[in-house]
Amino acid sequence: MNKYEIMFIVKTTIEESAVKTIAESLETVITSMGGNILESKDLGNKKLAYPINKELTGYYFVIDFEANNEIVSELDRKAKINENVIRYMIIRTDEE
């Protein structure tokens with residue numbers, strides 16, 4: 001398994017409990033398919049550098065995890081279809 005990091009931004013116009021649920025659902029995708037979460041950080045509400053879909057602020061999250069390509073593909077799909085995730089990026093962090 002390779003090491004990855006996903007950083008995603010969630011809309012602030014939804015309830016805070018819904019924000020936590022979104023983060024937990026993405027963590028569940030990783031663990032349910034056999035991946036390991038190394039670290040999960042809630043970076044809180046921050047001002048965006050520029051407006052994204054008329055949003056000026058967002059909740060930032062970072063999850064470091066170990067996974068295979070299948071898990072990363074599913075995580076990418078889930079983040080893409082969730083309308084409350086306004087931006088995300090998955091990067092591979094281990095060195096070859």
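Our summary gives the chain a relative contact order of 47 percent, counting only alpha carbon pairs under 8 angstrom and 6 or more residues apart. Residues in the range 14-29 carry Karplus couplings, in order, of 9, 5, 5, 5, 5, 4, 4, 5, 5, 4, 5, 5, 5, 5, 5, 4 Hz; the curve used is 6.51 cos²θ - 1.76 cosθ + 1.60 with θ = phi - 60°, and Gly or Pro positions show x. Computed over the Cα atoms of the chain, the ratio of the radius of gyration to the Kirkwood radius (Rg/Rh) comes to 0.97. Per-residue 3J(HN,Hα) values for the range 50-63, derived from phi via the Karplus relation 6.51 cos²θ - 1.76 cosθ + 1.60 with θ = phi - 60°, read 8, x, 10, 6, 6, 8, 9, 9, x, 8, 9, 9, 9, 10 Hz in sequence order (x marks Gly and Pro). Just tell me which aspartates and glutamates come within less than 14 Å, Cα to Cα, of Lys78; anything on the same chain fewer than 8 places away is out. Straight-distance partners of Lys78: Glu24, Glu27, Glu70.
Approximating the spin labels as points 7 Å out from Cα along Cα→Cβ, the Thr57-to-Ser32 distance works out to 3.1 nm.
Placing unit charges on the Cβ atoms only, positive for Lys and Arg and negative for Asp and Glu, gives the chain a dipole magnitude near 520 debye about its Cα centre. Rounded to the nearest 10 degrees, the angle from helix 69-81 to the longest Cα principal axis of the chain is 10 degrees.
When you count the other C-beta atoms within 10 angstrom of each residue and take the mean per peptide, 6-16, 74-84 line up highest first as 6-16, 74-84. Per-residue Karplus couplings for the range 87-94, computed as 6.51 cos²θ - 1.76 cosθ + 1.60 with θ equal to phi - 60°, are listed in order as 8, 7, 8, 10, 10, 8, 9, 7 Hz, Gly and Pro entered as x. By the rule of a C-alpha distance below 17 Å, with chain neighbours fewer than 8 residues away ignored, the lysines paired with Lys54 are Lys11, Lys46.
Every number here is computed from the coordinates shown, using simple stated rules; none is lab data. Keep in mind that what you see is a predicted model, and the values were worked out from it rather than measured. Positions of Cβ are backbone-derived with ideal geometry, glycine not excepted, and every protein chain shown enters the neighbour counts.
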